[in-house]
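The values are calculated or read from the model by the stated rules, or taken from the named source; none is laboratory data. Predicted, not measured: the structure shown is a model, and the values here were computed from it. Please note: Cβ atoms are built from the backbone with ideal geometry, for glycine as well, and neighbour counts cover all protein chains shown.
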Amino acid sequence: MSDAQPQDPPQDWQEVPMSARLVLADGTIIKGLGLGAIGTNIGEVCFNTAMTGYQEVLTDPSYVGQIITFTFPHIGNVGVNDEDGETSNLHATSRVRGCVLRAPITEPSNYRAAEHFNSWLKSRGIIAIAGVDTRALTAKIRENGMLNAVISHQPSEQFDEQNLLSMAKAAPGLTGTDLVPEVTCGQTYTWDQTRWSWKDGYEHTTDSPFHVVAIDYGLKRNILRCLTHAGCRVTVLPSTATAQDVMDHKPDGIFLSNGPGDPAATAAYAVPEIQKLIKADIPMFGICLGHQMLALALGAKTEKMHQGHHGANHPVKDFTTGKVEITSMNHGFTVSRESLPEGVEETHISLFDQTNCGLSVKDKSIFSVQYHPEASPGPQDSHYLFHRFVDLMRSKNGNIGETPNT
């Protein structure tokens, strides 16, 4: 045996401060390094499997009410910039509740980086905890479902863990909660920016043959860009817009956006208006929450999922083409396949768990998908859906206009 004695650590060595806590409603207490904003927040913990696009994820209004666990270990490597945010309503009153990281934030190394990820988190009021075994936390969510939790960052490292646990247990959760009022736009506006390209960045269009009215339940910017790129000029209305408000703009097409919360709660005021718009027989396209709202308006039901679908690598089969596409998803509720009424056709399913991922209405120019075809930075397998929407408007309007090349 060696007689060597333990050596003192180097002078520049120090223990990582345990300045954050993630306290789950089941009693699990996770300690880690606090990053981003200082404070305490409550949300539902989910996990996201994307390897890229962390800025898009954290600015997606559909994530309001949730604490996001990133399964990819290196977050921060491309920094952040002013172009990649997805929140269309910059004055929204709410945002994601927090994020959970495996490792401390990676230093940015990208020519588009304009700011360090940690300073960006601080400026947006997002609390983060690093040093967490995210694989173990993901396994817990897969086994037990998405749990309510409290995330807290205190540089003093002083926590009343029992109080945090009580807060987590008392959290109402997302079921029955309408979060759309926190993220929808406050007034009507128009959009003409197209998708980003390597050479030209974002451009603007002035000659679009089709007018689409989008109802904003938590609308992402890249959805608007994809609509514009496909040949649409877009007018955005708040979530409380009536069917008459929509029709007053004389749309060629109607778009129902993504958004957060329980669709059954938002349905109380949105579904009656959507039902009126269905009767108007104008081409209609819905994404994510918009898909769920359309399904409810048609007589189907929605239900809470066990772990939800969150990530950029979800395989979906399109029955209309027979193709499988890799998609981006972000939802904790799903349309019950068994509840789809007569006259409504299921067009897409998840190949992970066979949950519903798309529908269309027979004899009407109406369809929707559960996933996000606009996802940026990708995948881009599903961009065809925006052109499918334009084709419906073209057919309805006597084949005017031509769809731009993808």
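At-a-glance table
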{"quantity": "Total residues in the range 364-393, condition among the β-branched types (V, I, T) and either assigned to a helix (DSSP H, G or I) or outside the structural domain of K323 (by TED's automatic domain parsing) (or both)", "calculated": "1"}
{"quantity": "Selection within the range 71-113 - within 17 Å of S376 (Cα to Cα) and touching a residue at least 60 places away in the same chain (Cβ under 8 Å)", "calculated": "E83, D84, G85, E86, T87, S88"}
{"quantity": "Test: P379 is of a type outside the set (K, R), modelled with pLDDT under 95 and more than 22 Å from H211 (Cα to Cα)", "calculated": "yes"}
{"quantity": "Residue count for the range 24-43, restricted to those that are surrounded by 24 or more Cβ atoms within 10 Å (Cβ to Cβ) and either closer than 23 Å to T184 by Cα or in the same structural domain as H314 (by TED's automatic domain parsing) (or both)", "calculated": "1"}
{"quantity": "Residues satisfying the stated conditions in the range 183-214, i.e. crowded, with 20+ Cβ neighbours inside 10 Å, over 17 Å from P377 (Cβ atoms) and in contact with a helix residue (DSSP H, G or I) (Cβ under 8 Å, 6 or more places away or on another chain)", "calculated": "V183, W191, S208, F210, V212, V213, A214"}
{"quantity": "Matching residues, the range 51-74, being of a type in the set (A, V, I, L, M) and surrounded by 22 or more Cβ atoms within 10 Å (Cβ to Cβ)", "calculated": "V57, L58, V64, I67, I68"}
{"quantity": "Residue list for the range 171-223, restricted to those being more than 20 Å from the chain's Cα centre (by Cα), assigned to a loop (DSSP other than H, G, I, E, B), hydroxyl-bearing (S, T, Y) and at pLDDT 90 or above", "calculated": "T188"}
{"quantity": "When residues of the range 262-309 are limited to those that are acidic (D, E) and touching a residue at least 60 places away in the same chain (Cβ under 8 Å), the one farthest from F210 (Cα to Cα)", "calculated": "D262"}
{"quantity": "Filter pass, T266 being buried (at least 23 other Cβ atoms within 10 Å of the Cβ), among the polar types (S, T, N, Q) and within 19 Å of Y371 (Cα to Cα)", "calculated": "yes"}
{"quantity": "Of the criteria (1) within 26 Å of Q380 (Cβ to Cβ); (2) in contact with a Phe, Trp or Tyr (Cβ under 9 Å, 6 or more places away or on another chain), which one Y217 fails", "calculated": "(2)"}
{"quantity": "Candidate set from the range 126-141 (those that are part of a loop (DSSP other than H, G, I, E, B) and surrounded by 14 or more Cβ atoms within 10 Å (Cβ to Cβ)); member that is nearest to the chain's Cα centre (by Cα)", "calculated": "I126"}
{"quantity": "Subset of the range 331-355 [free of Cβ contacts under 8 Å to residues at least 60 places away in the same chain, part of a strand (DSSP E or B) and buried (at least 18 other Cβ atoms within 10 Å of the Cβ)]", "calculated": "T334, V335, V344, T347, H348, I349, S350"}
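Quick grid of which residues meet (1) farther than 17 Å from A37 by Cα; (2) of a type in the set (G, A, S); (3) in a loop (DSSP other than H, G, I, E, B); (4) within 19 Å of the chain's Cα centre (by Cα):
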{"residue": "R102", "(1), (2), (3), (4)": "yes, no, yes, no"}
{"residue": "S109", "(1), (2), (3), (4)": "yes, yes, yes, no"}
{"residue": "L121", "(1), (2), (3), (4)": "no, no, no, yes"}
{"residue": "E143", "(1), (2), (3), (4)": "yes, no, no, no"}
{"residue": "S166", "(1), (2), (3), (4)": "yes, yes, no, no"}
